[in-house]
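Asks: Let me begin by handing over the structure; questions about it come next.
The values are calculated or read from the model by the stated rules, or taken from the named source; none is laboratory data. Since the structure is predicted, the reported quantities are computational estimates derived from the model, not experimental observations. Note that we place each Cβ from the backbone using ideal geometry, even for glycine, and neighbour counts take in every protein chain shown. When the accessible area is computed, the model is the full protein with side chains, heavy atoms only, and any ligands, DNA or RNA have been set aside. Shrake-Rupley method; radii C 1.70, N 1.55, O 1.52, S 1.80 Å.
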Amino acid sequence: MNTKRLERRQIGVRGVVQGVGFRPFVYRLAHDHELNGWVLNHSGGVEIEVEGAPAALDAFVRALTEQAPPLARIVAVEIAGAPPVGYEQFEIRHSVAEEGRYQLISPDIATCADCLSELLDPADRRYRYPFTNCTNCGPRFTIIRDIPYDRPLTTMAPFAMCPDCQREYDNPLDRRFHAQPNACPVCGPHIWLEKSGDQQASGDNAMRLAGEMLLAGKILAIKGLGGFHLACDATAAVAVQTLRARKGRPAKPLAVMMATLEDVRRHCTVSDEEESLLLSQQCPIVLLRWRDESTVVRDVAPNNKYLGVMLPYTPLHHVLLRDVGRPLVMTSGNLSEEPIARDNDEARERLGNLSDGFLMHNRDIYARYDDSVWFSPSPDSTNPSLRQPQPLRRSRGYAPFPIRLPFQTKPVLATGADLKNAFCLARDDFAFLSQHIGDMENLETLEHLQVTVDLYKHLFRVEPERVAHDMHPGYFSTQFARSLPCSPDCLVAVQHHQAHIASCLVDNEWPLDGGPVIGVAWDGTGYGLDGHIWGGEFFVGDYRGFRRAAHLEYLPMPGGDAAIRHPWRLALGYVYALTGETPDLPVDPWEEAPGITAQEAGIVRSQIDRNLNTPLTSAAGRLFDAVAALAGVRQHVSYEAQAAIELEMMASGWQDGRQSADKTRPYPFQMEAEEAGTVIGLRELIGAIRSDLEMGRSQAEIGWRFHLTMAQMIATVCQQIAKESGLRTVALSGGCFQNRLLLGMAVQRLEQAGFTALLHRRVPCNDGGISLGQVALARAEAE
């Protein structure tokens, strides 16, 4: 070959470029441009050597990023020139494992349109086959044991491909070329249905029997991508009530799966942004406005205007939902607050008393993986920032794809918080935020954390040099961090609410030299620098640190955690602490609360007087709970933030169709300057709410006015801080900003006052995103 007119390029591509059809894409691209050379996977990404005419090489390099496969996410392309060597063809070479290098791994991806078409085509050899996939869809992270991403290093290793599947796998022009989970009914995994340990049916008969059981009101444990779901007919009240009783979840909303977008529209209103989420390759649960005419029973999400809905994301789900022809409850396969069940034997042991049968399969799951949950704060708003969706739980479809950091960092592990735990492992400019781990309330969840940390360390070749954790000494996540084999000087304690604000900054790609912002961190619980429970905080600062500029005044939590479970304790305690009065229970709002006696109320007052098991809190979340109880909305809760959520639902209902809502004035509150910052007094606010109750104002109207007050409070305090600091950017973070009504009101008032509001976009504003902020502040600690 005449090499005088040729050039050679050595190209390294980093990102999600394995298991997504990238090598066959490169192969086709090289042939289209009449180039020779090779491409291979290695432990750090994809390596390419290609030679040919200079103009063709330039076009090839441009097309690498401009025409990349739909699931590829390229983060870097490195190119070097070299003398030509006279390659005579272009080939795909075998993968190479390299010690110490790492690559980005694709999350699991919902069934693509091509595979769905095959799945539903009676003439296709994969008709109704529950494990149909290709390089554009299917399991990834949940089946990977190690990198590079090749079949022997996945849980598909035991399944030898039949000749038909092998031909697809070996053909660079086929969309199943090197699709590691490639399989068919002849050679791949299979399903079966069992009851009481006995197999009742297998293959397609098992699928049909499962549908019949669901239509008969039974509860099934169904093995999916990252674990088991518990499923039942969402239109059958008895089935839903039975599932709740067995799962130990009396009121917390349940997710529902529907077969098609048309089905979803029959039950919910769907905005363009919400439709895009539902149809996305991640296919998360999306919280949608529930139609009154929906046949989904209200017990699925009691006292809630929103329904958590997802479309089928595996072939098994597509077939089952079409067979049943009804929406199905599809909730995590666990007892309340336990990790999702993963293995068959584990499911039999843990879910045997919860389900009437099991729809199982024999493809092993390597990593537990809950469903992701998203919401649009205000789908109908004219403000684009409020229409743009936010995650509430980042898991299937998103993890472990990293968040790009606006700075470089040495290896750091951040163990997150105890509620909605997700840890973060960071190196270079990547932060690998884990899938949802759960609430650290039992040994099983702690073991799930340990196993998943070890998996991430192994896959991404990270050995942390620093370990960041929450300041709370009693958190299991803190104790886990301290149990790791590292010296005491590598541990960094990060204040909970400062981590919230740092997380929001990273989420918004705030640059390292972007300067300070005003941070509003509102949630229910966080250990403060002074030993009190924080949660209604205003900060000034950036990645290098924050100072506390203002906070809600401290009020008592009689009984500590008991006050969270029984908000009437907060209502009574707040009134008593603020007014010095002893409320007369027969005429006070909590009179009708079940189980509350004069003796119990006396015990609460005594706890406050004696400072006995009565921590002080500045938490905005606790204030929402107290007002909900004070108004008689909810005196006892069975899940986190239930009282506040139901208050929000009532308030937003009062808003609908009422012009008078726009003329409502906020309740009064005080702002007192102290040496350590501004304290926001609540005596007048609570007093005004009590006056409204005495005047017979409805719970809904009081809720609306209270939300308005809290939004105005944010704007007023930020204006005061801006006068002193000149800052015009406000970062909003913390679980309270899951409240659509509060968030919409706050953003509106901030923008009217000339502020730019930073909201979460890629990680949750709740504690599920806090480990990302811990990483950022641990890095600053090391400077």
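Asks: Which of (1) surrounded by fewer than 23 Cβ atoms within 10 Å (Cβ to Cβ); (2) touching a residue at least 60 places away in the same chain (Cβ under 8 Å) does ALA422 not meet, given it meets every other one?
Replies: Every listed condition holds for ALA422 apart from (1).
Asks: Going by the structure shown, is LEU316 in contact with a Pro (Cβ under 9 Å, 6 or more places away or on another chain) and open to solvent by less than 10 Å² (accessible area, probe 1.4 Å)?
Replies: yes
Asks: Residue check, THR709 against (1) touching a Cys at 6+ places or on another chain (Cβ under 9 Å); (2) open to solvent by less than 10 Å² (accessible area, probe 1.4 Å); (3) among the polar types (S, T, N, Q), all met but one. Which one?
Replies: For THR709, the failing item is (1).
Asks: Quick one: how many residues across the range 458-479 are aromatic (Phe, Trp, Tyr) and open to solvent by 10 Å² or more (accessible area, probe 1.4 Å)?
Replies: 2
Asks: Out of all the residues in the range 119-156, which are surrounded by fewer than 18 Cβ atoms within 10 Å (Cβ to Cβ) and either hydroxyl-bearing (Ser, Thr, Tyr) or in contact (Cβ under 8 Å) with a residue 12 or more places away in the chain (or both)?
Replies: Passing the criteria: LEU120, ARG125, TYR127, ARG145, ASP146.
Asks: Still on this structure: Return the pairs, sorted by first residue and then second, in which the second residue is in a loop (DSSP other than H, G, I, E, B) and of a type in the set (Val, Ile, Thr), the first residue lies in the range 429-457 and is on the phi > 0 side of the Ramachandran plot and touching a residue at least 24 places away in the same chain (Cβ under 8 Å), the beta carbons are less than 9 Å apart, and the residues are 6+ apart or on different chains.
Replies: Correct list of pairs: GLY438/ILE340.
Asks: Only residues in the range 535-553 that are at pLDDT 95 or above count as the first member; pair them with residues that are part of a strand (DSSP E or B) and of a type in the set (S, T, N, Q), Cβ under 7 angstrom, at least 6 apart or cross-chain, and list the lot.
Replies: As it stands, the answer is GLY535/THR617; ALA549/THR678; ALA550/THR678, since those pairs meet every condition given.
Asks: Also: With respect to THR597, is the statement that it is of a type in the set (Val, Ile, Thr), open to solvent by 50 Å² or more (accessible area, probe 1.4 Å) and either at pLDDT 90 or above or in contact with a helix residue (DSSP H, G or I) (Cβ under 9 Å, 6 or more places away or on another chain) (or both) true?
Replies: yes
Asks: May I ask you to verify whether GLU509 is in contact (Cβ under 8 Å) with a residue 60 or more places away in the chain and open to solvent by 10 Å² or more (accessible area, probe 1.4 Å)?
Replies: Yes.
Asks: Right, next: Among ILE79, ILE74, ILE11, which is touching a helix residue (DSSP H, G or I) at 6+ places or on another chain (Cβ under 6 Å) and either at pLDDT below 95 or more than 30 Å from ALA110 (Cβ to Cβ) (or both)?
Replies: That would be ILE74, the only listed residue that is touching a helix residue (DSSP H, G or I) at 6+ places or on another chain (Cβ under 6 Å) and either at pLDDT below 95 or more than 30 Å from ALA110 (Cβ to Cβ) (or both).
Asks: The conditions are (1) closer than 25 Å to GLN388 by Cβ; (2) open to solvent by 20 Å² or more (accessible area, probe 1.4 Å); (3) of a type in the set (Gly, Ala, Ser), and ALA715 fails exactly one of them. Which is it?
Replies: Among (1) closer than 25 Å to GLN388 by Cβ; (2) open to solvent by 20 Å² or more (accessible area, probe 1.4 Å); (3) of a type in the set (Gly, Ala, Ser), ALA715 violates only (2).
Asks: Considering the range 743-760 alone, what residues qualify as being over 17 Å from TRP522 (Cα atoms) and not polar (S, T, N, Q)?
Replies: Listed by number, the residues that qualify are GLU751, ALA753, GLY754, PHE755.
Asks: Separate question: Looking at the structure I just gave you, is LEU455 open to solvent by 30 Å² or more (accessible area, probe 1.4 Å), closer than 30 Å to PRO148 by Cα and assigned to a helix (DSSP H, G or I)?
Replies: Judged against the criteria, LEU455 is not a match.
Asks: Output yes when any residue across the range 570-590 is in a helix (DSSP H, G or I), aromatic (Phe, Trp, Tyr) and open to solvent by less than 10 Å² (accessible area, probe 1.4 Å), and no when none is.
Replies: Yes, the range 570-590 contains at least one residue that is in a helix (DSSP H, G or I), aromatic (Phe, Trp, Tyr) and open to solvent by less than 10 Å² (accessible area, probe 1.4 Å).
Asks: Name, by its number, the condition in (1) within 24 Å of PHE141 (Cα to Cα); (2) of a type in the set (S, T, N, Q); (3) under 24 Å from the mean Cα position of the chain (by Cα) that does not hold for ASN344.
Replies: It fails just one condition, (3).
Asks: Of the residues PHE737, PHE755, which is farther than 20 Å from THR664 by Cα, crowded, with 24+ Cβ neighbours inside 10 Å and aromatic (Phe, Trp, Tyr)?
Replies: It is PHE737.
Asks: Still on this structure, please answer the following. Among the residues of the range 80-116, which ones are outside any loop (DSSP other than H, G, I, E, B), under 30 Å from the mean Cα position of the chain (by Cα) and surrounded by fewer than 16 Cβ atoms within 10 Å (Cβ to Cβ)?
Replies: Those that are outside any loop (DSSP other than H, G, I, E, B), under 30 Å from the mean Cα position of the chain (by Cα) and surrounded by fewer than 16 Cβ atoms within 10 Å (Cβ to Cβ): ALA113, ASP114.
Asks: Only one residue in ARG28, ARG14, ARG8, ARG62 is part of a strand (DSSP E or B), over 28 Å from ARG145 (Cβ atoms) and open to solvent by 10 Å² or more (accessible area, probe 1.4 Å), so which one is that?
Replies: Testing whether each residue is part of a strand (DSSP E or B), over 28 Å from ARG145 (Cβ atoms) and open to solvent by 10 Å² or more (accessible area, probe 1.4 Å) leaves just ARG8.
Asks: Still on this structure: Checking SER378 against (1) modelled with pLDDT of 95 or more; (2) open to solvent by 30 Å² or more (accessible area, probe 1.4 Å); (3) not in a helix (DSSP H, G or I), only one condition comes out false. Which one?
Replies: Looking at each condition in turn, SER378 falls short on (1).
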